[in-house]
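As structure tokens, the structure follows; a few thoughts come after it.
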Amino acid sequence: MLRTYPPTSFVALALIILAGCRAFDREQYRTLQANADTGTDDADASAPGSCLALRVDGGAACTRAVVPSPPAALADQPGNGRTYVLAARRIEIGPSSFGNWRQIGFDLDGICSDSSGGSPRSCTATQTVVDGDDGRDNAFGSAVATGLHVMDTFRDMTLSETMAAGRLTVGVRITEWGGGDDRRVSFEWLHLVEGRGASGSTLNWDGMDRWKIEPSYSLATDRMTTAIRSSDAFVACGYSVARLPSRVPVVLLSGTQQRLVTLRSTVLAGAFDPVNGGIADAAGVWVREDIVQSLPWFGVCPPPNGPMDVFNDRVSGIERNFDIREDFVPAPMMPCTAATIALRFELRPVQLDGVATTALPTIPPCTADAGM
């Protein structure tokens with residue numbers, strides 16, 4: 001039986017906010033982005049991603065920010081037997097000094113859509129959802145997160161502060177990496193809790209911090225094997241790409257509030273490597289079925305715990321911001337079926353310290369005793 005944190009235990013946890021753990025400043029963001037781009041004349045040939053086509057010519061519409069494919073000559077290296085774990089020190093989901101939704105994610109549908117009304121559309125939508133810079137698809141950042149008041153509800157304690165305090169973060173475990181460029185690497189998607197420094201409670205983000213695996217969103221029913229694992233991944237030129245199976249949970253925690261979104265057709269890619277970490281964007285789609293299951297985590301409950309009209313209005317409101325077909329294939333005359341979501345993480349190496357004995361709640365907080 002999984003035990004869940006009572007609401008009061010969240011408050012009781014000591015919150016140690018590290019100095020310097022605010023959102024990235026804009027100059028740092030621009031430097032990281034420039035180092036990862038190859039579409040500019042001044043790109044450093046030794047910079048992360050310099051041998052990959054991270055941007056492609058989209059014709060008159062725009063230059064497209066794409067998820068790169070592995071170079072044809074990239075070899076499948078023998079694994080070196082080591083395991084690497086990276087944890088998110090910071091997250092970005094909307095406007096900030098680090099960046100904003102327009103600069104997070106990738107062009108998933110191959111179409112650059114703007115607000116002019118004359119540009120091509122990926123599909124038919126009730127509302128016009130424009131792409132970000134270089135055709136990046138991120139309806140969540142541009143419209144959905146605002147409608148769900150995501151930024152408002154986390155204003156009292158930001159998600160990045162929660163991560164810095166060691167309470168909950170997103171992590172990846174990387175195996176079968178041969179070192180350097182490698183065509184086939186294995187990625188596991190984890191949620192990590194109870195982070196602490198090697199010699200105390202304060203996190204140092206020096207590669208020696210220890211985190212426990214949160215079981216309910218990370219492990220299979222046997223509580224031993226990882227629930228989400230993919231070998232459809234590669235590392236090239238300091239840039240990593242992993243395509244993850246359907247239904248990847250992203251649990252966000254701030255204060256006493258837990259939020260859950262589920263991504264499908266997810267890609268995790270960016271200028272990071274298994275040893276040093278770096279910057280990664282996670283991008284995928286949010287479909288109606290998963291939205292219905294997720295809304296209770298945003299305080300919108302279906303009957304009998306909430307009015308049906310309010311719940312249906314919120315679902316319809318998100319559907320009006322659908323901007324893509326969930327298979328990513330453009331069909332301008334067909335209705336959009338999903339909303340794109342893109343999140344940005346700063347990943348740093350950490351150590352695993354076993355599995356947590358307590359687990360995050362998996363039952364939506366729609367009842368009076370659920371802490372919401």
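The values are calculated or read from the model by the stated rules, or taken from the named source; none is laboratory data. Since this is a predicted model, take the numbers as computed values, not measurements. Ideal geometry is used to build each Cβ from the backbone, glycine not excepted, and the neighbour counts take in all protein chains shown.
Some values worked out for this structure:
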| read-out | value |
| --- | --- |
| Inter-residue pairs, beta-carbon under 6 Å, first farther than 24 Å from residue 275 by Cβ and in the range 158-184, second part of a loop (DSSP other than H, G, I, E, B), 6+ apart | 161/17; 165/15; 165/16 |
| When residues of the range 108-146 are limited to those that are modelled with pLDDT under 75 and at negative phi, the one farthest from the chain's Cα centre (by Cα) | 118 |
| Residue check for residue 230: surrounded by 15 or more Cβ atoms within 10 Å (Cβ to Cβ), touching a Ser or Thr at 6+ places or on another chain (Cβ under 6 Å) and of a type in the set (Ser, Thr, Tyr) | no |
| Residue within the range 288-307 that is touching a residue at least 60 places away in the same chain (Cβ under 8 Å) and under 30 Å from residue 206 (Cα atoms) present | no |
| In the range 184-199, the residues that are basic (Lys, Arg) and either outside any strand (DSSP E or B) or surrounded by 24 or more Cβ atoms within 10 Å (Cβ to Cβ) (or both) | 184 |
| Residue match in the range 173-191 (condition: under 24 Å from residue 258 (Cβ atoms), hydroxyl-bearing (Ser, Thr, Tyr) and modelled with pLDDT of 90 or more) | no |
| So residue 251, is it within 10 Å of the chain's Cα centre (by Cα) and assigned to a strand (DSSP E or B) | yes |
| Residue check for residue 261: part of a strand (DSSP E or B), touching a Ser or Thr at 6+ places or on another chain (Cβ under 6 Å), among the β-branched types (Val, Ile, Thr) and surrounded by 18 or more Cβ atoms within 10 Å (Cβ to Cβ) | yes |
| Residue list for the range 238-258, restricted to those being more than 24 Å from residue 164 (Cα to Cα), surrounded by fewer than 23 Cβ atoms within 10 Å (Cβ to Cβ) and not polar (S, T, N, Q) | 238, 241, 243, 245, 247 |
| Top-ranked residue in the range 85-103 [being closer than 24 Å to residue 206 by Cα and among the β-branched types (Val, Ile, Thr); ranked as modelled with the lowest pLDDT] | 91 |
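One line per residue, one yes/no per condition, for (1) under 15 Å from residue 242 (Cα atoms); (2) touching a strand residue (DSSP E or B) at 6+ places or on another chain (Cβ under 7 Å):
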{"residue": "259", "(1), (2)": "no, yes"}
{"residue": "275", "(1), (2)": "no, yes"}
{"residue": "281", "(1), (2)": "yes, yes"}
{"residue": "320", "(1), (2)": "no, no"}
{"residue": "336", "(1), (2)": "no, yes"}
